[in-house]
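I have placed the structure first, in the form of structure tokens, so that the comments after it can refer back to it.
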Amino acid sequence: MIRVRELAKTFTLHNQGGARLPVLQGVSLEVGPGECVALQGPSGAGKSTLLKCLYGNYKPTSGSVTVAETEVTSASDQELLRLRASSVGYVSQFLRVIPRVPAIDVVADEVRGKPEARQEAEQLLLRLRIPMRLWSVPPATFSGGEQQRINIARTFIRKKPVLLLDEPTASLDAENRVTVTAMINEAREAGAAIVGIFHDQKVREAVATRIVEMEELS
Amino acid sequence: MSVILEARGLAKRFGERPAIEDVSFELHAGEVLAVVGESGSGKTTLLNCVSGRLRPDAGTVRFMTRHEGLKELYADLSEAERRFLARTDWGYVHQRPEEGLRMNVSAGANVGERLMALGERHYGRIRTAATDWLSRVEMDPERIDDSPRTFSGGMRQRLQIARNLVTDPRLVFMDEPTSGLDVSVQARLLDLLRSLTRALGLAAIVVTHDLAVARLLAQRMLVMKGGRIVEQGLTDQVLDDPQHPYTQLLVSSVLQP
Amino acid sequence: MRDERFNFAFLDERSKRMIRRALLKAIAIPGYQVPFGSREMPLPYGWGTGGIQVTASVIGPNDVLKVIDQGADDTVNAVNIRRFFQRTTGVAVTERAPEATLIQTRHRIPETPLHERQIIVYQVPVPEPLQRLEPREAETRRMHGLAEYGLMHVKLYEDIARYGHIATTYDYPVMVNGRYLTAPSPIPKFDNPKMNMNPALQLFGAGREKRIYAIPPYTRVESLAFEDHPFEVQRWDAACALCGSRESFLDEVVTDDRGGRLFMCSDTDYCAGRQAAKAAAA
């Protein structure tokens, strides 16, 4: 599902004298359906950068990234948009939404056109314990934990074969952590290939089928 | 998704000064493309060239017509055909709604004008369409007979959008559609634009200097500087991992968009 | 009696030739506004300078001229223009519409149907029907060129939205020969149907705006409308107090300061003819 070969990513900061900031080098990784790989390592090791390269958000400097049979490094914009829409779910650390759209619509919008979109969104929000009074409120005003759960809901409402999870449980309380852990496991058991960063050891142990250690480039 | 508009090697000079040079890009059906850059970077000239309003000195602009395939705007189409496209299959949303509206006729007449231009000669049907579109842009249909002069800036902008969308265009050009508005009004308009472009499967080219607007509306973006495209790609790519020195400067000089 | 100090019909021959060329073009393209080099005339703009130049260019010594203003032959404007042509051409004049070969008019078409051997010349203040809606002339010319006339219906739409019906009663826009949107000059819309398939040649002159246009004999002239708000002419509950006509365009006349009023024909020649016929029958 996911295949990374000799991936390197160096940021060039043109406005700081062309400083070069190597973050990834020689990264190779394979993740098959039903696997959940936890990236581990100190901050600055490039865990988030790797996820963003998989999503096609960052452009790798060299190497190859194949996700669901698409070569991400050379895919056209259209191909990448199609790949994301059909196959790749990405939970970022921050929720980015249009300021005025209510929470329920942020989630249901991901499956728009489907007649049961709203129902499915409601079920997910219930499961993630978002109080009903917040459903019709734009998430911009939500707490960190609530925003994160909206983010998780909008990603999980589509059953995508590839999931990239950047600290999905970071600001959740114990109860919600259990729920999200269960959701990740359900997705994996259903055949998803998952790469994630899980700070919480308990969550990591509960979801990961494999742990990949990363270290900072010297 | 199929290409709806394709620009190749566009150049336009005003006297000695080149306004745009060697500009090429594609727009796909249903896609929203943001054009960003500081003022004077050629954004508006580019928009005018690709919307059939300004003949470029060099290069081609091809549009996928509904029935006759790709047509070059300036070589294959007469002025009459370009104007026909402009009031049927295209929309153009001006930065200042006063430029895109007829300020001396009512809101309903503003929305109905394109229908009448297409030969609609039934008052009742024009009225129904205008009422429908006013509510679709979240305006009170009771105000159908009011003059746009009595409307706030945000309402005028929504009226301008309704006026453009009443003929079900496939492509809308927008020149800084939110920049004249208060921040709270901007958010509402952005939300409206986003939901309309999605619901109608509209392709759009949005010229903006506001990276947050680009982030919210557009799947792809072009960055212009000195009349040239210095970078183009998916919006999140360009904003999160900018490659060109100018784009890096642009992104780093605003608050997190 | 002709005053020999003036050239025939006042204008010099070159000016007349230039105007005739514009007229020929106007007749060839019904409803199209032809620019022409409008001359200074010995009366101010708004008094019929365009109409006078057209009349001066087509009038011949054998013509019989009738001049009307709002339907009447005896108003200041009509009297002056008639005298002007009497002095500069010496032609015969008449008040009887059927006897005239050339009729210059301000704001009316005679009630008596015109015939093939007649020319009617309209005085036009604003030749561009789109002007109030689109002030840029380059744009209105482009609209004519491309026959983009949706905007005119915007005006009619506004009328209905505001008043419940099309409130335009004068200078009501028409389509000539299915092609050019044309201002019929400020005649009441009551007269619009008379323009359609009229046997006479209809010429229009706008002096200040320097435009000439024409409707050749037997040309289709349609008044714009909506399917659900069709074109309608004015109607009166009253009959003419003088001749009893119920078919003609009536003016309302206040007869005293106690609210007394009556209606009478705006076309004085038509009214006088009917009164004479009644008197003869009685």
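The values are calculated or read from the model by the stated rules, or taken from the named source; none is laboratory data. Keep in mind the model is a prediction, meaning the values are calculated, not measured. So basically every Cβ, Gly included, is an ideal-geometry build from the backbone, and we count neighbours across all protein chains shown. Note: areas computed on protein heavy atoms with side chains; ligands, DNA, RNA excluded. Shrake-Rupley method; radii C 1.70, N 1.55, O 1.52, S 1.80 Å.
Quick notes on this one:
- Scan of the range A:75-108 for residues that are among the aliphatic types (A, V, I, L, M), part of a loop (DSSP other than H, G, I, E, B) and within 16 Å of the chain's Cα centre (by Cα), ordered by number: A:LEU95, A:VAL97
- Some residue of the range B:130-139 being without any contact (Cβ under 8 Å) to a residue 40 or more places away in the chain and within 11 Å of chain C (Cβ to nearest Cβ): yes
- Meets criteria (in the same structural domain as C:ALA272 (by TED's automatic domain parsing), touching a residue at least 12 places away in the same chain (Cβ under 8 Å) and open to solvent by 60 Å² or more (accessible area, probe 1.4 Å)) for C:LEU242: yes
- Subset of the range A:76-97 (residues that are open to solvent by 20 Å² or more (accessible area, probe 1.4 Å), within 11 Å of chain B (Cβ to nearest Cβ) and hydrophobic (A, V, I, L, M, F, W, C)): A:LEU81, A:ALA85, A:PHE94, A:VAL97
- Top-ranked residue in the range B:143-155 [being of a type outside the set (A, V, I, L, M) and modelled with pLDDT of 95 or more; ranked as most open to solvent (accessible area, probe 1.4 Å)]: B:ARG149
- With respect to (1) open to solvent by 10 Å² or more (accessible area, probe 1.4 Å); (2) closer than 16 Å to B:LEU47 by Cα; (3) under 17 Å from the mean Cα position of the chain (by Cα), the lone exception for B:THR197 is condition (2).
To keep it simple, each residue is scored yes or no on (1) of a type outside the set (Asp, Glu); (2) under 24 Å from the mean Cα position of the chain (by Cα); (3) open to solvent by 10 Å² or more (accessible area, probe 1.4 Å).
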{"residue": "C:GLU99", "(1), (2), (3)": "no, yes, yes"}
{"residue": "C:PRO125", "(1), (2), (3)": "yes, yes, yes"}
{"residue": "C:LEU146", "(1), (2), (3)": "yes, no, yes"}
{"residue": "C:HIS165", "(1), (2), (3)": "yes, no, yes"}
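- Residues that are open to solvent by 20 Å² or more (accessible area, probe 1.4 Å) and within 13 Å of another protein chain (Cβ to nearest Cβ) within the range A:102-120 comprise A:PRO102, A:ASP105, A:ASP109, A:GLU110, A:ARG112, A:GLY113, listed in sequence order.
- Within the range B:111-129, if we keep just the residues that are open to solvent by 30 Å² or more (accessible area, probe 1.4 Å) and free of Cβ contacts under 8 Å to residues at least 24 places away in the same chain, the residue that is farthest from the other protein chains (Cβ to nearest Cβ) turns out to be B:THR128.
For (1) open to solvent by less than 50 Å² (accessible area, probe 1.4 Å); (2) in contact (Cβ under 8 Å) with a residue 24 or more places away in the chain; (3) polar (S, T, N, Q), each residue gets a yes or a no:
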residue: C:ARG87; (1), (2), (3): no, yes, no
residue: C:GLY90; (1), (2), (3): yes, yes, no
residue: C:VAL93; (1), (2), (3): no, yes, no
residue: C:ARG108; (1), (2), (3): yes, yes, no
residue: C:THR112; (1), (2), (3): yes, yes, yes
residue: C:LEU151; (1), (2), (3): yes, no, no
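- Hits in the range B:210-231 - residues which are out of contact with any helix residue (DSSP H, G or I) (no Cβ under 8 Å at 6 or more places or on another chain), more than 11 Å from every other protein chain (Cβ to nearest Cβ) and either surrounded by fewer than 20 Cβ atoms within 10 Å (Cβ to Cβ) or part of a helix (DSSP H, G or I) (or both): B:ASP210, B:GLY226, B:ARG228
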